[in-house]
Amino acid sequence: MRGITETLTERRINIKELTSKEKLFCMLYAAGREPAEAAEKAGYIFAEKNGLKLLKRESIREEISRLQKQRKNESHTLCQGYYRLAFGCISDAVRLLFTEELTEKDIGQMNLFNVSEIKRKKGGDIEIKFFDRLKALDRLSEIILSDEEKSENSIFSAIEKGARALEGEALE
């Protein structure tokens, strides 16, 4: 009887909406923190025990998974944008400079993604400024290195947890 009651209580906990404290824990954990560190920063007492306890809940794991997918998509989108800035073609911007008669449709079809500013000077000349390609490359490399570092940290974290479990430190 006790097992059935525990299962029903556990289901109710998994079904209920997450509290703001639990959401904060999920956000911190999804950002690459350890369970104990995420729990501590979210305001839990006995952070290590509560962090591991939270990770057992299905609703918590689902929220963390959702947040990690979101972060991965955002990182991918950032990389695409910086890649376009760093390696983008300027031919449409040059065409804009040297073509006398352009329609709105022509301009709308141009790829001007890496153009930061267009000015028409008093004499009718046009000045076009581009985003800094080197800055875009620097930022792109920072994002890639950061993602690689997070990946390595999660592997080391898993190895460390496995070693602790083998040494007899029970993970609750």
* **Dimensions (Å) - the stretch 22-84, Cα atoms, principal axes, largest first** => 47, 21, 13
* Asked: When the Karplus curve 6.51 cos²θ - 1.76 cosθ + 1.60 is applied with θ = phi - 60°, which whole-Hz ³J(HN,Hα) does each residue of the stretch 50-59 get, with x for Gly and Pro?
  -> 5, x, 5, 5, 4, 5, 6, 6, 4, 5
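In what order do Ile45, Ile64 fall by count of nearby beta-carbon atoms within 10 Å, going from fewest to most?
Values: Ile45 8, Ile64 19.
Listing Ile45, Ile64 from fewest to most nearby Cβ atoms yields Ile45, Ile64.
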* Tabulate in residue order the Karplus-calculated ³J(HN,Hα) for the stretch 124-130, using 6.51 cos²θ - 1.76 cosθ + 1.60 with θ = phi - 60°, rounded to whole Hz; enter x for Gly and Pro. => x, 5, 10, 10, 10, 10, 10
* Structure fact -> Amide H proximity to Phe130 below 5 Å, modelled H, separation 5+ or other chain, gives Ser116
* Structure fact -> In the structure shown, of Lys72/Lys119; Lys105/Lys135; Lys21/Lys56; Lys41/Lys69; Lys105/Lys129; Lys23/Lys49, the pairs separated by more than 27 angstrom at the C-alpha atoms are Lys72/Lys119; Lys105/Lys135
* Asked: Which whole-Hz ³J(HN,Hα) couplings does the stretch 82-99 yield from phi under the Karplus relation 6.51 cos²θ - 1.76 cosθ + 1.60, θ = phi - 60°, glycine and proline marked x?
  -> 5, 4, 5, 5, 6, 10, x, 7, 10, 4, 5, 5, 5, 4, 4, 5, 9, 9
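What is the order of Tyr29, Tyr82, fewest Cβ neighbours within 10 Å to most? All intermediate terms of the calculation are to be shown ahead of the outcome.
Working: Tyr29 25, Tyr82 22.
So the ranking, lowest neighbour count to highest, is Tyr82, Tyr29.
Here, each number is a calculation from the coordinates, and none is a lab measurement. Given the structure is predicted, the values throughout are model-derived calculations rather than measurements. Neighbour counts run over all protein chains shown; Cβ positions are idealised from the backbone, glycine included.
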